[in-house]
Amino acid sequence: MESPVPTLITQADPVELIGGTIAQLNRIILGKEHQLRLCIACLLARGHLLIEDIPGVGKTTLAHALAESLGLSYQRIQFTSDLLPADIIGVSVFDRETSSFRFHKGPVFSQLVLADEVNRATPKAQSALLEAMEEHQVTVDGQTYPLAAPFFVIATQNPVYQIGTYPLPESQLDRFLMRIELGFPDPALERQLLMGQDRRDLLATLAPTLSPQQLLLMQTMVPKVHASDALLDYVQAIVRFTRESPQFEAGVSPRAAIALLRAAQAWALIHGHHGVIPEDVQAVLGAVIGHRLKPKDDSVARNATEVGDLVLKAVGVP
Amino acid sequence: MAAIAPDRISLFGRKLLWVITGLTLAVIPHLPHLAIWIVALVGVAMAFRITAEIKRWSLPPKWLRIIVAFAALFAVLLTYRTLNGVEAGTALLVVMAGMKLLETRTVRDLTVIVFLAYFALFSGFIYNQELLRLPYMLIAAWLLTATLMRIHQTTLSMPAREALGLTGKMLLQALPLAILLFLFFPRLPGNFWSVPARSEARTGLDDEVSPGDVSDLSISGMIAFRVKFEDAVPPSKERYWRGPVLHDFDGRTWRRAQGFYIPQNVRAEGTSYAYRVTMEAHQRPWIFGLDVATEWPESAMRTSDFQLIKRRGVVSTLTSYDLQSFTQYVVEGPLPTRMRQSDLRLPENRNPRSMALARKLRAEAPSDEAFIESVLNTFRREEYYYTLEPPRLELHSVDDFLFNTKRGFCEHFASAFTMLARAAGIPARLVTGYQGGEFNPMGGYFIVRQSDAHAWSEVWLEGKGWVRVDPTAAVAPERVERGIDAAISESESVPGRLLRSNVYLSRVRLAWDAANTFWNNQVVEFSEDQQRWLSQRLGIEELRWQTFGLALVMTFILFFLCLSTYLAWRFRPKARDPVQQIYEQLCRKLARANLPKLAYEGPRDYLSRAAASRPSLSRDLSEARSIYLDLRYGPNPMPSSLSRLKFIVNQIKI
């Protein structure tokens, strides 16, 4: 492997580092280890995350705990129908003393941004965030401001059948590397939740398990994880299936194919695989392509999870 | 289809055009049987659906579609007075296929219409099973299958010609299976398969005859039936095919007798003729046998006046009957009183001049036989003409014919003769049927057409029984000897005479008829009997349902086994890299131990699962797993570990 990687490995192994983070998060978010790992893989692959679920399953807690554990600056934006782009990006204010405009940075300038209930805001406000996500910088009054690094957006969304929402169009959904659901906890874990300490108090006890530098380093390692020809064959077989199967409106884009590979590489990295193996692809498959494919009719697959499952089972490992 | 530019119409629209074309092809065979409003309605539905697709109109709302569908249902009910039966059934099918067009949004809807079209197309065989229709049916089925494939393609990038070629190949591949099913699919005995009678126009001889009826019929070149003799063939003048026997005469029209007579015995003499009559559907119960039939199948019966009649129903489809006849026979007396009464009865105040003539001739003749001879001599001597275009007769039809027009077809002569005989006190009756028939040397059978329709008389002579007297033979002996072409003068048009006069045309025509006969006998009429015959040829003596079903299932299994073996060979994996080969070898080994790999299962998951369920192998499998993952997916695989992997896989014993 290339130069920067061995230095990190001498410092600490990604598996170990992430393992520690996961262990800590596991204390807060009970029984959702797979989702937590997806979440971190998404972050390491420099993607953004969309969590789609009903209120109260721990979306905000997850974002907050992640920020604390990774030692990232954290801002939460509650999306509402009267939210303006300036509320996200920031606003230029006239400074009487210097007789000039001064830019007040908005919440988007933190390292981890939680965009809560992103589908409740108007498309105008939504696109302000999504553009920032895409370009990693914000331009106001001709002046360009770079965003923080690492920059990670977790957007949450209520299921679209709820009233008074502006569902994100497919083209916008494509900007999110992954989409996950948290779901209800097991009865046993729920009991633990009921008996245990308040989550808010627990959050205060969290300490950073790795530094932003380590995080950035791991981000640079992700694209370097080896993907063999055999594995690329598998990724391409999946992509081809989505394009050729009559069950979907349209197949996934090349951007989605890259996203799938990056996510699988990130997954391989945090699980200590020297090269990406098919199981890494399978682990992230549902989260990466579920929201990018639209089934032609409901009988094929009702939601993103089922779509992921369908594609997984339909493509053989070459 | 080419009229619409491809960029103006969506993918779905183009699929829709295929479906509509297919549906049109399926409906065309039904056009003659469909009410005109149905054709119009389906046409409008098709036009509307295409326009809606091009102009992007929305389809009618659900409530409207439901109303239209129910209105159409009632209209069918009103038009046909039922929803049952062949005509109403197909009408309903076609109407509903048209209505279904109004709600086609998805590929699934299109598929439903294609299946309706298949059904409509093949139900066309209920009406018409002629060989001529077969090519059309095959082409339409081919197009429908291509349509079915087309609507399930995600793009229509494949050119239509290629699509048709592919479908044609698929259909050809399915052909052996279709033939097998045709030959061996169990045919249920009984009426289960039979086509219900339809209110279709009847053809052929009726059971009442007025002057002009038979000559009208004779203009038609349609085939009435075909006959194949087993060995001996009777000469032309003995080939009288007996049809309805008419007793009641009202001065103009002859009708069947009401009620039954006591049957009389027939003493047959001379040669017996065994033969098979294949009746075309004519929607009447009678079967035409050579005069007189002595043996007939159980489904038929012989009336007291020696006509063969189906016991139940009418001849509504092409049907064959095995019969035996003698052309020489004597009916043994005495004549039953009721039959004598009805066969002497004449209407009062009708045909007075003929009555007078009959009485005069009888008084002059020494015997009944002499009287008959003198009547026939009158026909011969005086200027009577045999013609296909007889003039219309007045109320006293026999008087009019005998004394004024003197031009007539066989029914005129037979009717006049029978009336004269009755007037002279000789019991007489009119027999209708066919006479002669054309021999087809290519199939070795006779074709009897409507143009061979004939009428003659039978008189009761004491001591001789019923004696056939054919007055037409007296006027135009060629009719009986050589058929109608020879008997009618050149100036009159006889259907098909031109065809028959040219040797080459004649040969083509006979060859076509032979092909038709083969189709009729071997394909259309293929039934339980033929199936039994076939199975006996194959060495199965007693045919039983269970054996048949079992054989069918076995054949199916065998067929699909062969097919899948071929496909497995055809799509066998190409030579892979050695790592992959060893892994596949391991997978096969594990599959034999009931641990088959799922297609989508990755190597790590699979080998872990195998190791978990076979703890004895767990060490080897774990090592194989890590070497394989490293070799196939790792960044710097060590080539030396390949031999290690080989070794492990080889030593694993299941």
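Please go through (1) out of contact with any Pro (no Cβ under 6 Å at 6 or more places or on another chain); (2) crowded, with 22+ Cβ neighbours inside 10 Å; (3) farther than 30 Å from B:PRO336 by Cβ for B:GLY408 and return the number of the only condition it doesn't satisfy.
B:GLY408 satisfies every listed condition except (1).
Does segment B:405-420 contain any residue that is of a type in the set (Ser, Thr, Tyr), under 22 Å from B:ASP216 (Cα atoms) and over 37 Å from the mean Cα position of the chain (by Cα)? Can you show your working first?
Step one: filter segment B:405-420 for residues of a type in the set (Ser, Thr, Tyr), giving B:405, B:415, B:418.
Within this subset, residues satisfying the condition of being under 22 Å from B:ASP216 (Cα atoms) are B:405, B:415, B:418.
Next cut, over 37 Å from the mean Cα position of the chain (by Cα) only: B:405, B:418.
Yes, there is a match, as at least one residue in segment B:405-420 is of a type in the set (Ser, Thr, Tyr), under 22 Å from B:ASP216 (Cα atoms) and over 37 Å from the mean Cα position of the chain (by Cα).
Going through segment A:179-190 one residue at a time, which ones are surrounded by 15 or more Cβ atoms within 10 Å (Cβ to Cβ) and in a loop (DSSP other than H, G, I, E, B)?
Hits for segment A:179-190 are A:GLU181, A:LEU182, A:PRO185.
Restrict the check to segment B:263-276 and report whether at least one residue is touching a residue at least 60 places away in the same chain (Cβ under 8 Å) and within 22 Å of B:GLY436 (Cα to Cα). Full working, then the answer.
Filtering segment B:263-276 for residues touching a residue at least 60 places away in the same chain (Cβ under 8 Å) gives B:264-269.
Then drop every residue that is not within 22 Å of B:GLY436 (Cα to Cα), which leaves B:268-269.
Yes: one or more hits.
Please enumerate the residues belonging to segment A:264-299 that are free of Cβ contacts under 8 Å to residues at least 12 places away in the same chain and under 19 Å from B:ASP605 (Cβ atoms).
Taking segment A:264-299 first, the residues free of Cβ contacts under 8 Å to residues at least 12 places away in the same chain are A:279, A:297-299.
Correct list: A:GLU279 only.
Quick check on this structure: which one of B:PRO176, B:PRO189, B:PRO244, B:PRO159 is surrounded by fewer than 16 Cβ atoms within 10 Å (Cβ to Cβ) and modelled with pLDDT of 85 or more?
Details: B:PRO189 fails: modelled with pLDDT of 85 or more; B:PRO244 fails: surrounded by fewer than 16 Cβ atoms within 10 Å (Cβ to Cβ); B:PRO159 fails: modelled with pLDDT of 85 or more.
From the options B:PRO176, B:PRO189, B:PRO244, B:PRO159, the qualifying one is B:PRO176.
Taking into account only those residues within segment B:565-588 that are exposed (fewer than 11 other Cβ atoms within 10 Å of the Cβ) and not in a helix (DSSP H, G or I), which is nearest to the other protein chains (Cβ to nearest Cβ)?
If we take residues in segment B:565-588 being exposed (fewer than 11 other Cβ atoms within 10 Å of the Cβ) and not in a helix (DSSP H, G or I), then B:PRO573 is nearest to the other protein chains (Cβ to nearest Cβ).
To keep it simple, each residue is scored yes or no on (1) assigned by TED's automatic domain parsing to the domain that holds B:PHE122; (2) within 23 Å of the chain's Cα centre (by Cα); (3) not aliphatic (A, V, I, L, M).
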site: B:LEU143; (1), (2), (3): yes, yes, no
site: B:HIS152; (1), (2), (3): yes, no, yes
site: B:GLU162; (1), (2), (3): yes, no, yes
site: B:LEU177; (1), (2), (3): no, yes, no
site: B:LEU180; (1), (2), (3): no, yes, no
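I'd like to verify a number: residues in segment B:345-402 that are loosely packed, with under 12 Cβ neighbours inside 10 Å and in contact with a strand residue (DSSP E or B) (Cβ under 8 Å, 6 or more places away or on another chain), how many?
Of the residues in that region, 0 qualify.
From B:SER608, B:SER564, grab the single residue that is modelled with pLDDT of 85 or more, within 21 Å of B:ILE179 (Cα to Cα) and among the small types (Gly, Ala, Ser). If you could, list the steps in order and put the result at the bottom.
Working: B:SER608 fails: within 21 Å of B:ILE179 (Cα to Cα).
After ruling out the rest, the residue left standing is B:SER564.
For A:ASP309, work out the one condition from (1) under 20 Å from the mean Cα position of the chain (by Cα); (2) outside any loop (DSSP other than H, G, I, E, B); (3) away from chain B (no Cβ under 11 Å); (4) charged (D, E, K, R) it doesn't fulfil.
The failed condition is (3).
Hey, could you check segment B:291-307 for residues that are surrounded by 14 or more Cβ atoms within 10 Å (Cβ to Cβ) and of a type in the set (Gly, Ala, Ser) and say which is modelled with the lowest pLDDT?
My answer is B:SER304.
Go through segment B:321-352 and report how many residues are on the phi < 0 side of the Ramachandran plot and part of a loop (DSSP other than H, G, I, E, B).
Kept after step one, since they are on the phi < 0 side of the Ramachandran plot, are these residues of segment B:321-352: B:321-348, B:350, B:352.
Filter once more, so that each one left must be part of a loop (DSSP other than H, G, I, E, B): B:333-336, B:345-348, B:350.
Summing the residues that are on the phi < 0 side of the Ramachandran plot and part of a loop (DSSP other than H, G, I, E, B) in segment B:321-352 gives 9.
Can you name the residue in segment A:191-246 that is surrounded by 14 or more Cβ atoms within 10 Å (Cβ to Cβ) and of a type in the set (Val, Ile, Thr) and, of all such residues, is nearest to the other protein chains (Cβ to nearest Cβ)?
A:VAL225
For segment A:54-110, please list each of the strands (runs of 3 or more DSSP E) lying entirely inside it that holds at least 2 residues being of a type in the set (Lys, Arg) and farther than 30 Å from A:GLY19 by Cβ.
On the way: elements: A:74-78, A:90-95, A:100-105.
So the answer is A:100-105.
Is it the case that A:ALA132 is buried (at least 19 other Cβ atoms within 10 Å of the Cβ) and touching a residue at least 24 places away in the same chain (Cβ under 8 Å)? I'd like the intermediate steps shown before the answer.
Numbers: buried (at least 19 other Cβ atoms within 10 Å of the Cβ): yes; touching a residue at least 24 places away in the same chain (Cβ under 8 Å): yes.
It is true that A:ALA132 is buried (at least 19 other Cβ atoms within 10 Å of the Cβ) and touching a residue at least 24 places away in the same chain (Cβ under 8 Å).
Could you count how many residues in segment B:589-605 are more than 8 Å from every other protein chain (Cβ to nearest Cβ) and surrounded by 12 or more Cβ atoms within 10 Å (Cβ to Cβ)?
Filtering segment B:589-605 for residues more than 8 Å from every other protein chain (Cβ to nearest Cβ) gives B:589-598.
Of the ones still in play, those that are also surrounded by 12 or more Cβ atoms within 10 Å (Cβ to Cβ) are B:589-591, B:593, B:595-598.
Of the residues in that region, 8 qualify.
Can B:ALA40 be described as in the same structural domain as B:TYR118 (by TED's automatic domain parsing), part of a helix (DSSP H, G or I) and more than 19 Å from B:ALA117 (Cα to Cα)? Give the steps one after another, and end with the answer.
Values: in the same structural domain as B:TYR118 (by TED's automatic domain parsing): yes; part of a helix (DSSP H, G or I): yes; more than 19 Å from B:ALA117 (Cα to Cα): no.
The answer is no for B:ALA40.
Could you figure out which of (1) more than 14 Å from chain A (Cβ to nearest Cβ); (2) part of a helix (DSSP H, G or I); (3) out of contact with any Asp or Glu (no Cβ under 8 Å at 6 or more places or on another chain) isn't true of B:LYS100?
For B:LYS100, the exception is condition (3).
Name every residue in segment B:108-117 that is surrounded by fewer than 18 Cβ atoms within 10 Å (Cβ to Cβ) and in contact (Cβ under 8 Å) with a residue 24 or more places away in the chain, in order of residue number. Walk me through how you get there before you give the answer.
Our first condition is that a residue be surrounded by fewer than 18 Cβ atoms within 10 Å (Cβ to Cβ); within segment B:108-117, this holds for B:108-109, B:111-112, B:115.
B:THR111, the sole residue that qualifies.
Among the residues of segment A:247-281, write down those that are within 11 Å of chain B (Cβ to nearest Cβ) and either hydroxyl-bearing (Ser, Thr, Tyr) or part of a loop (DSSP other than H, G, I, E, B) (or both).
A:GLN247, A:GLU249, A:ALA250, A:GLY251, A:HIS271, A:HIS273, A:HIS274, A:VAL276, A:ILE277
What number goes with the only condition from (1) within 12 Å of chain B (Cβ to nearest Cβ); (2) surrounded by 23 or more Cβ atoms within 10 Å (Cβ to Cβ); (3) out of contact with any His (no Cβ under 7 Å at 6 or more places or on another chain) that A:ALA314 does not pass?
(2)
Within segment A:286-301, count every residue that is more than 10 Å from every other protein chain (Cβ to nearest Cβ) and either within 18 Å of A:ALA230 (Cα to Cα) or touching a Pro at 6+ places or on another chain (Cβ under 8 Å) (or both). Show your work before the answer.
Taking segment A:286-301 and keeping what is more than 10 Å from every other protein chain (Cβ to nearest Cβ), we get A:286-295, A:298, A:300-301.
Next, only the ones that are either within 18 Å of A:ALA230 (Cα to Cα) or touching a Pro at 6+ places or on another chain (Cβ under 8 Å) (or both) stay: A:301.
Qualifying residue count for the region: 1.
Within segment B:567-579, take every residue that is modelled with pLDDT of 85 or more and within 59 Å of the chain's Cα centre (by Cα) and give me the one that is nearest to A:PRO318 (Cα to Cα). Write out each step before concluding.
Going residue by residue through segment B:567-579, those that are modelled with pLDDT of 85 or more are B:567-569, B:579.
From what is left, the residues that are within 59 Å of the chain's Cα centre (by Cα) are B:567-569.
Details: B:LEU567: 19, B:ALA568: 17, B:TRP569: 18 Å.
So the residue we want is B:ALA568.
State all residues of segment B:623-636 that are in a loop (DSSP other than H, G, I, E, B) and crowded, with 20+ Cβ neighbours inside 10 Å; if no residue qualifies, say none. Walk me through how you get there before you give the answer.
Start the filter on segment B:623-636 by keeping residues that are in a loop (DSSP other than H, G, I, E, B), which leaves B:634-636.
Selection gives B:GLY634 alone.
If B:THR555 satisfies every condition in (1) assigned by TED's automatic domain parsing to the domain that holds B:ARG625; (2) modelled with pLDDT under 85 but one, which is the exception?
With respect to (1) assigned by TED's automatic domain parsing to the domain that holds B:ARG625; (2) modelled with pLDDT under 85, B:THR555 is out only on (1).
Quick one: how many residues across segment B:616-654 are of a type in the set (Phe, Trp, Tyr) and more than 14 Å from every other protein chain (Cβ to nearest Cβ)?
Pass one, segment B:616-654, residues of a type in the set (Phe, Trp, Tyr): B:628, B:633, B:647.
Those still in the list that are more than 14 Å from every other protein chain (Cβ to nearest Cβ) too: B:647.
Residues that pass the stated criteria total 1.
The values are calculated or read from the model by the stated rules, or taken from the named source; none is laboratory data. All of these numbers come straight from a predicted model, not from anything done at the bench. So basically every Cβ, Gly included, is an ideal-geometry build from the backbone, and we count neighbours across all protein chains shown.
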